[in-house]
1. Evaluate the relative contact order of region 189-287 (contact order divided by residue number), counting alpha-carbon pairs under 8 angstrom at least 6 apart; express in whole percent.
2. Rank-order 80-89, 212-221 by packing density, defined as the average count of other C-beta atoms within 10 Å over each peptide's residues, highest first.
3. Whole percent per 5 Å bin, from 0 to the bin with the longest distance: what is P(r) over all C-alpha pairs of region 267-333?
4. Can you tell me the orientation of helix 85-98 relative to the chain, as the angle in degrees between its alpha-carbon axis and the longest Cα principal axis, to the nearest 10?
5. Put His160, His300 in order of accessible area, largest first, 1.4 Å probe: what do you get?
6. Full-extension gain between Glu343 and His300, please, as 0.36 nm times their residue separation minus the C-alpha to C-alpha distance.
7. Over all alpha-carbon pairs in region 48-90, figure out the percentage whose distance exceeds 13 Å.
8. Taking only the alpha carbons of region 355-406, what extent do you get along each of the three principal axes, in Å, biggest first?
Amino acid sequence: MSRLWHWSRRCSLVLSRQNSTLASRLNSITDADALHFAKVLSSPTSILSILPSISTPPEELDIYNNDWMGKYRGKSTTVLKPKTTQEVSEIVKWCNDRRIGIVPQGGNTGLVGGSVPLRDEVILSLSNMTQVRSFDPISGILVADAGCILQSLTDYVAPHNHIMPLDLGAKGSCQIGGNVSTNAGGLRLLRYGSLHGSVLGLEVVLPDGTILDQLTTLRKDNTGYDLKQLFIGAEGTLGIITGVSILTPPAPQASNNVILALPRFENVLPLYKTVKRQLSEILSAFEFIDRTAYDLAVKHGQGRALSEEDVKGAECFVLVETSGGRREHDEEKLNNLLESLLEADEPLINTGVMAQNPAQFSSLWALREGVTEAVSKEGKAYKYDISVPLSTFKECVDLTRERLRSKGLLNEAQVKAVIGYGHVGDGNLHLNVIAKAYTPEIQDALEPFVYELHPTEAQYLLSTASEL
């Protein structure tokens with residue numbers, strides 16, 4: 001499992017490959033190739049290359065060659081930014097014939113280096129493909145280019161009283177094609193499910209340049225194989241997604257949230273069971289934040305959801321969101337939930353705070369979504385996005401922390417903290433190791449250890465939920 005995942009994480013899209021070693025036998029792009037691509041692309045600004053025939057300043061390629069954490073660095077000489085599916089097709093066909101490696105790139109917001117080249121492969125950026133092709137306000141079906149920013153699509157459907165079925169901290173820069181390619185889950189999965197259910201159709205350029213048009217707008221289509229499912233979560237290894245048809249749900253008429261402080265992690269599972277039972281159909285998110293992650297978010301200015309008195313004795317926190325059709329009904333359910341939790345003979349929580357207005361609602365979410373930014377301000381992060389049984393969240397964090405301590409790496413000069421937070425609804429834990437700097441010693445201590453962890457209840461499966 002670990003070797004397979006590492007390969008899929010860092011390997012470029014190798015066209016017509018037989019095995020992972022083929023990457024070392026790919027050809028580098030030449031001046032002749034660059035000139036050909038310049039003819040294929042409709043705009044002179046659609047190609048960036050440090051090769052003599054184009055002569056782009058090298059620094060203009062930095063944002064494409066490097067991930068946003070500064071951890072992974074590629075050496076691509078050329079970035080191509082097609083505007084149409086036909087241009088993508090012609091580029092891919094040429095690269096296939098010439099045995100030139102391609103790295104498809106969306107918003108480059110991923111955390112595991114999947115959109116950064118290993119060597120000097122061509123970067124194919126979808127950032128110029130930003131057209132909304134159609135939207136049906138009755139059915140809520142949206143068809144858009146793969147390069148559309150998630151936040152832009154959210155803003156597009158909002159006047160029609162619809163929302164996107166996924167929400168991510170990187171929504172301001174991640175692209176819908178990358179979201180689909182990585183089967184991103186995010187904050188709304190508990191309510192709206194995964195992209196395997198929301199995506200109705202895809203347009204994909206296959207490794208030989210063939211355009212596979214499965215861009216249906218039908219909610220039910222029983223004709224033949226459901227080929228689109230192969231590309232959802234394939235991370236560009238089977239083809240490059242250029243268009244997406246997706247079902248957008250109606251916008252909730254009322255939303256609210258509450259943050260709960262728990263005295264111990266063991267209370268999270270029974271709390272989740274209680275919350276699901278009492279909130280039922282209006283429950284839309286149930287987010288876990290351990291104490292170290294919470295403290296980091298507060299330290300780096302992501303908000304303070306609770307007073308210092310309220311957080312005393314808290315080992316972890318849970319953010320609960322509701323989305324329903326009538327505010328009074330939803331608030332009554334939330335108030336009843338808080339009352340029953342606080343008055344229980346053996347309370348599962350120490351305290352809880354419910355948002356009283358839109359500003360407080362946004363503030364509570366800012367704390368949860370701001371953990372990623374807080375981590376980046378604290379140090380260099382090794383990030384692992386893993387799917388595990390909820391009961392093993394804390395154990396995974398503890399085992400990783402003890403591993404680093406046993407190697408003599410857990411100190412202010414090397415590894416500063418190990419934290420965990422994530423989506424309880426789908427068992428998705430964000431395991432973050434915050435270091436002073438990226439070093440081979442820390443890398444070797446973590447990998448393949450993290451991939452081969454065996455929590456007591458069950459071996460988990462790695463989930464590459466980051467966006468390309």
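The values are calculated or read from the model by the stated rules, or taken from the named source; none is laboratory data. As the structure is a prediction and not an experimental result, all values here were calculated from the model. A quick note on method: Cβ atoms are made from the backbone with ideal geometry, for glycine too, and the neighbour counts reach across all protein chains shown. To get the accessible areas, we keep the full protein, side chains included, count just its heavy atoms, and leave off ligands, DNA and RNA. Shrake-Rupley method; radii C 1.70, N 1.55, O 1.52, S 1.80 Å.
1. Numbers: 90 pairs, mean separation 31.9, N = 99.
32 percent.
2. On the way: 80-89: 21.5, 212-221: 14.2.
Top of the packing list down: 80-89, 212-221.
3. Percent of Cα pairs in each bin: 3, 14, 23, 19, 17, 16, 7, 1.
4. Helix 85-98 sits roughly 60 degrees off the main axis of the chain.
5. Working: His160 80, His300 35 Å².
Output order, biggest surface exposure first: His160, His300.
6. Working: separation 43, 0.36 × 43 = 15.48 nm, distance 3.39 nm.
Computed gain between Glu343 and His300 is 12.1 nm.
7. Roughly 59 percent, once rounded to a whole number.
8. That works out to 46, 28, 16 Å along the principal axes.
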